[in-house]
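Student: One structure, as structure tokens, below. Some questions next.
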């Protein structure tokens, strides 16, 4: 497969997926809305003391982003599997991993990226101290694509199951644990005045690995699930 | 054909596997029983109390072998899944899936005995220490494999999908093993070494060897028994399976 062929295919796939998201833009806004509501629940449940909330803010924000990402996983392949376009992707001469990588990119850009953009606002809701915004944004910027890529592999395995929402969470959450530990841990370390850049490096290394390996693994999982 | 390879292919065919498992499972259980009797007798009566922990430490003769088994079985499951995915050997799919509940049971035993030991020794049932947390994640991975296997209708497709998940979960194994070295943890580092001298006194060592061997034998017996049942279930339409069921006492 020549490089131009791959790039053309990527453009076509990106264009199609983005158009599909745009046609149902109400649905696309839901993950963001969900995360905002989860964040809003914590001050209501814990009381609105500034100091307590500020202390819990990194963990709460990370968990809210992670959960909203988890909810979007099922839609990653669902509609394509139902109308048969997934089978077409499987049979196409283009590498399946490449097409999946584009699909994950669209998914991340339409659900996690908007969330990332409003994170400063959410951080204000929980009184996160200003200097911690930098490590939080960095860890989320590296962590959310990592979560999307890991999730894409797991979601591919459950494609044959009709109501897979709960099972998908059970399968994905153990694999999400390290990302959460390093992502939220980095902000907590920064809050205690400890060096936090190490966790960022680890997340970046994980992302580099996942960028290469996860689409291949997801392609293999899709072939297993659909044959 | 190479005799070893030939043996593998012969044992791998469902009717032969059934006979093989029926023959060896009782021996494995007998060996396990013997090992546990010797090991637990030694652990409770023969070994002296620890100079720091007193009588408490005796639970390690169950805790440590179970913890080893929880990791070992996951690796066995992943290897079987790999073979099943690459060479499509039916019996390996069954063996891999039969590993999951046994491994999950050993993981639960590890966590429970650990917290029973932790309460008097550390003063807490549970702590979010890297070793404990990664062992808990291991349990979730086992449960995920079992859940995925249960959720898919077609048995062979289910085994392949769950096997793939087992291969993904393999990432957690080095994290569990090295968690005591990589992070500062409450859980102690490794005392027993395969290579080089162990930090445990030889007089305390032999019951541990006995219970470790016993837990391995238990795993083999349990694996053969479970795999045999799953094999018979999947092959229930075949003549040999009917005959085996009729001949059964």
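The values are calculated or read from the model by the stated rules, or taken from the named source; none is laboratory data. It should be emphasised that the depicted structure is a prediction, and the values quoted were computed from it without experimental measurement. Note: ideal-geometry Cβ built from the backbone for every residue, glycine included; neighbour counts use all protein chains shown.
Student: For the range B:167-194, which positions are within 14 Å of chain A (Cβ to nearest Cβ), over 30 Å from residue B:83 (Cα atoms) and either surrounded by 11 or more Cβ atoms within 10 Å (Cβ to Cβ) or touching a helix residue (DSSP H, G or I) at 6+ places or on another chain (Cβ under 6 Å) (or both)?
Tutor: B:182, B:183, B:185
Student: Taking only the range A:24-39 into account, find how many residues are loosely packed, with under 14 Cβ neighbours inside 10 Å and at pLDDT 90 or above.
Tutor: 2
Student: Within the range B:209-230, does at least one residue satisfy the condition of being within 24 Å of the chain's Cα centre (by Cα), at pLDDT below 90 and surrounded by fewer than 16 Cβ atoms within 10 Å (Cβ to Cβ)?
Tutor: no
Student: Is it fair to say residue A:184 is crowded, with 19+ Cβ neighbours inside 10 Å and either touching a residue at least 24 places away in the same chain (Cβ under 8 Å) or in a helix (DSSP H, G or I) (or both)?
Tutor: So residue A:184 fits the description; yes.
Listed here are the residues, each with its yes/no results for (1) under 30 Å from residue B:235 (Cβ atoms); (2) at pLDDT below 90; (3) surrounded by 14 or more Cβ atoms within 10 Å (Cβ to Cβ).
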{"site": "B:31", "(1), (2), (3)": "yes, no, yes"}
{"site": "B:40", "(1), (2), (3)": "no, no, yes"}
{"site": "B:43", "(1), (2), (3)": "no, yes, yes"}
{"site": "B:47", "(1), (2), (3)": "no, yes, yes"}
{"site": "B:52", "(1), (2), (3)": "no, yes, no"}
{"site": "B:62", "(1), (2), (3)": "no, no, yes"}
{"site": "B:68", "(1), (2), (3)": "no, no, yes"}
{"site": "B:72", "(1), (2), (3)": "yes, no, yes"}
{"site": "B:78", "(1), (2), (3)": "yes, no, yes"}
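Student: I've got another one for you. Out of the residues in the range A:211-223 that are surrounded by fewer than 19 Cβ atoms within 10 Å (Cβ to Cβ) and within 13 Å of another protein chain (Cβ to nearest Cβ), which is farthest from residue A:60 (Cα to Cα)?
Tutor: Once the filter is applied, the top-ranked residue is A:223.
Student: So which residues in the range B:139-153 are more than 8 Å from chain A (Cβ to nearest Cβ) and touching a helix residue (DSSP H, G or I) at 6+ places or on another chain (Cβ under 7 Å)?
Tutor: B:139, B:142, B:145, B:146, B:149
Yes/no per residue for (1) at pLDDT 90 or above; (2) within 11 Å of another protein chain (Cβ to nearest Cβ); (3) crowded, with 18+ Cβ neighbours inside 10 Å:
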{"site": "A:135", "(1), (2), (3)": "yes, no, yes"}
{"site": "A:142", "(1), (2), (3)": "yes, no, yes"}
{"site": "A:201", "(1), (2), (3)": "yes, no, no"}
{"site": "A:209", "(1), (2), (3)": "yes, yes, no"}
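Student: Please go through the range B:154-166 and pick out each residue that is surrounded by fewer than 18 Cβ atoms within 10 Å (Cβ to Cβ) and either within 11 Å of another protein chain (Cβ to nearest Cβ) or not in a helix (DSSP H, G or I) (or both).
Tutor: B:154, B:156, B:157
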